[in-house]
Amino acid sequence: MSEHEQELDATLARAITELRREPPARPDAVARAVEAARAASTVPEALAPASMARRRRRRTILAVAGIAAAACVAGYAARGMLEPGERAAPAAAGSASNGLVVQAANAGDDPAHLTWQFVFQSSRAHRVSLIGDFNGWDPTAAPLTRAAGSGLWSVTLPLTPGRHTYAFLVDDSSFVLDPRAPATRDADLGSKESVVIVGRP
Amino acid sequence: MSRRLLAAALLLAAVTAPAGLRAQRSSGAGAGLDSATSEAVGRVLDGARAAGLPAGPIVAKVRLGMLRHAPDSVILAAAQAVAARLLEARRALGPLADPADLAAGADALGTGVTADGLRMVRAAAGNGAVAVPLGVLAELTASGVSAGRAAAIITALVRRHAPARELVALGNDVNADVRAGAVADASLGVRVQRLEAILTVRTVPSATSLPTATGTGR
């Protein structure tokens, strides 16, 4: 498989993962779906032949499903434009745009874990790993994937709710803090690590 | 000749593999330490397991120390400190605390939170998980908020059923204020007012006021 195909696969996999998250539907899309359902029920079924009623219900279901799918895609696109890395521009005090926004857990998620994405920016790195207390600071546990044509690296993994310390290991040697996150000093080693607090909404 | 070389290689592997496997089994984190330190770390881990404490945080600390190229003596001391904090956390949080809560408690103790602070949060949370409030408490204390005041406020918020997202936002906001130059205690006093307003609007069993200027310094 070519590098391009691998990148496409990674992108496609990420898209699938995002779609499975079922981001919230846009209000106008929901309103259209509700209106479509309401319009479909205005003609009493008793006055229509059974076959026509069935066809009408089928069309209504298809229309609602299509609008819901479009809303999901729109929600995914909106989420894609608001990745944590991009949200992590210099934050105004009191805002939630410092890369530590609580992400909603879906009903299908493991209730003991929340899905979390880490983003690192470097156009010169060859390998980037996420290391933290959640993976025992193991450099092999969570390698980041570089987005094609950009210097953005990312990895998504499940985290237990609570406070976590972490860093990025670049090219197997450089210990780099997350510029988008606050830092803390390790109580025992004196070293600095980045901090994220994960909480269920 | 090649068969002799292959046999020699297999024999060598058979002799050295058990030692390597033993080192891995003992801690999974001792590779790279000198033998004495590795043995000592193994004893710390064995002691923690025997006491029913999670070994994960200890192993993680050792690995972090090695990644940071800390001296072996510092790594060993760090492992011992984590084990001690896990034990203290269990005493404060109770014998039914799960590994995540114990790890959060040990982490909080490491930032300056007291055992009394852990007990207060545990009492307020009842049978609920405490990893998130303890994580926020740890972050507030690490940001410079006095330990007693931070514990009192987090306890009051937990008692008033503050949502996890609001607790997390409080910790993040205070941290951001401190990074921007604010005094931590002052920031907490301001930021908690928003939560006060939110919780006052909600229907909660007991709408007691949040403490504003209590607690002792670290």
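Considering only C-alpha atoms, what is the centroid distance from region A:109-172 to region B:116-182, in Å?
Measuring centre to centre over Cα atoms gives 26 Å.
Would you please classify the overall shape of region A:106-190 from the alpha carbon gyration tensor, given that a ≥ b ≥ c denote the square roots of the eigenvalues, rounded means a/c under 1.5, and beyond that prolate means a/b larger than b/c while oblate covers the rest?
oblate
Taking every pair of alpha-carbon atoms in region B:121-163, give the share separated by more than 16 Å as a whole percent.
26
Provide a whole-number value for the mean count of partner chain Cβ atoms within 10 Å of the Cβ atoms in peptide A:189-199.
The mean count of partner-chain Cβ atoms within 10 Å per residue comes to 6.
List the accessible area buried at the contact between B and A, summed over both sides and calculated with a 1.4 Å probe, in Å² to the nearest 100.
2600
How big is D, in µm² s⁻¹, for region B:69-157 by Stokes-Einstein at 37 °C and 0.692 mPa s if Rh is the Kirkwood radius over C-alpha pairs?
253
Return the inverse of the average 1/r over all pairs of distinct C-alpha atoms in region A:142-197, which is the Kirkwood hydrodynamic radius, in Å to one decimal.
12.8
Using the per-residue mean of other Cβ atoms lying within 10 Å as a proxy for protection, in what order, highest first, do the peptides B:36-43, B:169-176 fall?
Going from most to least packed, we get B:169-176, B:36-43.
The values are calculated or read from the model by the stated rules, or taken from the named source; none is laboratory data. Bear in mind the structure is a predicted one, so any value in this text is a computation, not a measurement. With ideal geometry, Cβ positions are generated from the backbone for all residues, glycine too; neighbour counts draw on all protein chains shown. Heavy atoms of the whole protein, side chains included, go into the accessibility calculation; ligands, DNA and RNA do not. Shrake-Rupley method; radii C 1.70, N 1.55, O 1.52, S 1.80 Å.
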